[in-house]
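The values are calculated or read from the model by the stated rules, or taken from the named source; none is laboratory data. Just so it is clear, the model here is predicted, and its values are computed rather than measured. FYI the Cβ positions are ideal-geometry reconstructions off the backbone, even for glycines, and counts take in every protein chain you see. Ligands, DNA and RNA are excluded from the accessible area calculation, which covers all protein heavy atoms including side chains. Shrake-Rupley method; radii C 1.70, N 1.55, O 1.52, S 1.80 Å.
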Amino acid sequence: MAERSARSTSPETEGGLAFRDPAKRRGLHFDVLPMAKLEVISHQRKASAAHVKRVMDSVDRVGFLAPVVVVERDGSGYLIIDGQHRFLAAKELGLRRIPAVIAPRDVARRMLTLNVEKEPNIRERSAVALSIYRELVDAEPGMTEDDPEVADAVQQAHYVTLGLAYAASGRLAGSQFEPILRKCDGFMDAPLAESLPVREARAGRVVEAHRLVRAVSDKLKEIGAWHEFAGAQIISYANPLKRARKQHSFDETFDKLIAKLDSLGEHPEKALRGGG
């Protein structure tokens with residue numbers, strides 16, 4: 001509930017009601033916006049048809065009670081940053097207008113890293129982080145990567161590296177590499193324009209390691225020793241940071257990881273014996 005509301009006179013909105021977020025005391029607006037002026041932001045992951053159907057059923061029973069959250073798009077409409085399933089359900093139901101909270105631009109990126117309907121997986125988090133990161137590179141190329149605004153927007157530096165790696169290799173098992181990346185792939189004290197090529201090179205090393213894991217897995221299949229958790233076991237065997245507690249150098253870590261994976265070429269069964 002708004003503590004106090006009034007007819008908005010801001011030119012950035014359709015009209016609606018102005019109120020303050022009770023937690024941050026930030027000025028917000030509420031309005032019922034035309035569907036034709038709404039668009040789902042590209043960072044959103046692929047919608048679930050089953051979830052859209054559930055939302056449609058809910059709207060049929062009780063009405064459209066939960067507003068979407070939007071940000072103004074250069075005076076030509078609004079981008080939905082939270083609520084794509086509600087928007088798609090409204091479209092399927094033929095609704096012409098839906099309720100919306102209009103958020104200021106400075107909170108849009110933070111909202112994109114959240115999802116109140118379903119916890120995103122590592123591939124989805126990485127895709128969103130990479131998309132936001134690329135926007136920041138275009139908008140603020142001189143901003144350092146370790147600036148709090150970047151960290152606030154993408155959450156974890158290694159999500160950007162994984163986003164690039166997923167783009168290069170769709171079959172990447174990113175969740176298996178994440179424990180290693182958490183310990184060696186932090187934010188850099190360098191401008192974003194310079195950091196992006198470094199991240200692209202790091203993503204290439206992740207893809208190279210992935211390729212070697214697949215090669216070892218294929219050899220295990222040839223000798224009848226493969227099982228469904230073999231990939232994770234291979235990475236665990238080769239992981240040079242299994243007992244590490246502090247941050248380490250990315251290059252040194254992946255040099256060791258790739259060398260260890262490469263050494264399994266002649267004797268892939270070593271990966272299944274533990275140790276390392």
Output the qualifying pairs, or none if there are none: Cβ atoms under 7 angstrom, residues six or more apart or on different chains, first residue in region 47-66 and under 23 Å from LEU33 (Cβ atoms), second residue basic (Lys, Arg) and modelled with pLDDT of 90 or more. VAL55/ARG86; ALA66/ARG86
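Looking only at region 50-68, which residues are open to solvent by 30 Å² or more (accessible area, probe 1.4 Å) and within 16 Å of ALA103 (Cβ to Cβ)?
Correct list: ALA66, PRO67.
Hey, any hits in region 166-181 for a residue that's in a loop (DSSP other than H, G, I, E, B), of a type in the set (Phe, Trp, Tyr) and either in contact with a Ser or Thr (Cβ under 8 Å, 6 or more places away or on another chain) or surrounded by fewer than 22 Cβ atoms within 10 Å (Cβ to Cβ) (or both)?
No: zero hits.
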Of the conditions (1) closer than 19 Å to CYS184 by Cα; (2) acidic (Asp, Glu); (3) open to solvent by 80 Å² or more (accessible area, probe 1.4 Å), GLU208 fails just one. Which one is it? (3)
Please count how many residues of region 176-233 are closer than 22 Å to ALA139 by Cα, of a type in the set (Asp, Glu) and free of Cβ contacts under 8 Å to residues at least 12 places away in the same chain. 1
Restricting attention to region 242-256, does a residue exist that is farther than 25 Å from GLU145 by Cα and in contact (Cβ under 8 Å) with a residue 40 or more places away in the chain? no
How about region 72-84: which of its residues are open to solvent by less than 10 Å² (accessible area, probe 1.4 Å) and either free of Cβ contacts under 8 Å to residues at least 40 places away in the same chain or among the β-branched types (Val, Ile, Thr) (or both)? ILE80, ILE81, GLY83
Let me spell it out: the conditions are (1) buried (at least 16 other Cβ atoms within 10 Å of the Cβ); (2) part of a helix (DSSP H, G or I), and GLY186 meets all of them except one. Which number is the exception? (2)
Restricting attention to region 223-275, report how many residues are hydroxyl-bearing (Ser, Thr, Tyr) and open to solvent by 50 Å² or more (accessible area, probe 1.4 Å). 3
Residue list for region 206-263, restricted to those being part of a helix (DSSP H, G or I) and of a type in the set (S, T, N, Q): SER217, GLN233, SER236, THR253, SER263
Every residue in region 144-164 that is of a type outside the set (D, E, K, R), over 19 Å from SER236 (Cβ atoms) and not in a loop (DSSP other than H, G, I, E, B), please. THR144, PRO148, VAL150, ALA151, ALA153, VAL154, ALA157, TYR159, VAL160, THR161, GLY163, LEU164
Going by what's in this entry, would VAL154 be described as under 30 Å from LEU33 (Cα atoms), modelled with pLDDT under 95 and touching a Pro at 6+ places or on another chain (Cβ under 7 Å)? no
